[in-house]
Amino acid sequence: MTLVEAVGLRRSFAHPSGDIEVLRGLELRVGAGELVTVSGRSGSGKSALLALLCGFDSPDSGCVLLDGVPISGAPPWHTCAVLPQALGLANELTIAENVALPLRLRSDVPRPSRSAIAARVTELLEELGIGELGDRYPLEVSFGQQQRVALARAVAGRPRVLLTDEPTAHLDAGSTPRVLRLLRRCAAEGAAVIVATHDEEVHRIADRRVRLLDGVLTALLD
């Protein structure tokens, strides 16, 4: 079952020498329970694609469908969650509070109890190897640790669509397997997971690998 679909996406950006068309009629379909990685050189449009898929940006033409319905603006975080390259952590909140935030703000269902939220936060921080950091603040830990905090925040509410932009770019060798296991578990639980990455380790765990070249997804990679 297709959960998220990009239909004819076009997106250009202004440049002093003239508009640059980054995406040129791009098509992509990702099903529930599928993990798809997107490769491509720096500047090829991977981050632009993720911004369109999550509604942070709007295409010049084409549309993004969730469950066959065009999105207008950013869907709720429990529907589509994002790990961006610019992590966007709230520096005034502790790490545990950052991870808990989407659970505390969710309004479509009865809000989880404090104990349920705390248990979910603890589970994710432990799984990502940063369980001892819950009471610290983002600026007190390394960027790689911040990246794992942002991933925990993205998956805390068990979103139906998970978009991650270079999720292993700042991790050491010991931390990467933890992130890969979590991404695979999200897909196993039924999420559509899309990962923009240069990391061959991430590509190896994918159900499907696609390459962004000249504004379109042009190849399936073995």
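The values are calculated or read from the model by the stated rules, or taken from the named source; none is laboratory data. This one's a predicted model, so the numbers in the text were calculated from it and none came from an experiment. Note: ideal-geometry Cβ built from the backbone for every residue, glycine included; neighbour counts use all protein chains shown.
Across the stretch 85-100, a minimum of one residue is classified as in contact with a strand residue (DSSP E or B) (Cβ under 6 Å, 6 or more places away or on another chain) and closer than 29 Å to Thr168 by Cβ. Residue-level check: of (1) free of Cβ contacts under 8 Å to residues at least 24 places away in the same chain; (2) touching a strand residue (DSSP E or B) at 6+ places or on another chain (Cβ under 8 Å); (3) surrounded by 15 or more Cβ atoms within 10 Å (Cβ to Cβ); (4) not aliphatic (A, V, I, L, M), Pro112 misses just (2).
Does Glu132 qualify as being among the acidic types (Asp, Glu) and within 19 Å of Leu103 (Cα to Cα)? No. Output yes when any residue across the stretch 52-61 is crowded, with 20+ Cβ neighbours inside 10 Å and closer than 15 Å to Arg153 by Cβ, and no when none is. Yes, that holds for at least one residue.
The residues in the stretch 98-109 that are in a helix (DSSP H, G or I) and surrounded by fewer than 17 Cβ atoms within 10 Å (Cβ to Cβ) can be counted, and the count is 2. Considering only residues that are within 17 Å of the chain's Cα centre (by Cα), acidic (Asp, Glu) and not in a strand (DSSP E or B), which ones fall in the stretch 1-55? Once the filter is applied, which keeps residues that are within 17 Å of the chain's Cα centre (by Cα), acidic (Asp, Glu) and not in a strand (DSSP E or B), the stretch 1-55 yields only Glu34. Across the stretch 163-222, the qualifying residues are those that are among the polar types (S, T, N, Q) and either touching a residue at least 24 places away in the same chain (Cβ under 8 Å) or assigned to a helix (DSSP H, G or I) (or both), and the one among them that is surrounded by the fewest Cβ atoms within 10 Å (Cβ to Cβ) is Thr176. When Ala90 is tested against the conditions (1) within 30 Å of Arg136 (Cα to Cα); (2) at pLDDT 95 or above; (3) crowded, with 17+ Cβ neighbours inside 10 Å, the lone failure is (3).
Being out of contact with any Gly (no Cβ under 6 Å at 6 or more places or on another chain) and buried (at least 20 other Cβ atoms within 10 Å of the Cβ) is the requirement here; does Val30 meet it? Spelling it out, Val30 is indeed out of contact with any Gly (no Cβ under 6 Å at 6 or more places or on another chain) and buried (at least 20 other Cβ atoms within 10 Å of the Cβ). Checking each residue in the stretch 120-156 for being buried (at least 22 other Cβ atoms within 10 Å of the Cβ) and part of a loop (DSSP other than H, G, I, E, B) picks out Leu128, Ile130, Ala156. Only one entry in Arg148, Arg106 is of a type in the set (Lys, Arg), under 21 Å from Ile194 (Cβ atoms) and touching a residue at least 12 places away in the same chain (Cβ under 8 Å), namely Arg148.
Only one of Val69, Val99, Val82 is at negative phi and free of Cβ contacts under 8 Å to residues at least 24 places away in the same chain; which? Going through Val69, Val99, Val82 in turn, the sole match is Val69.
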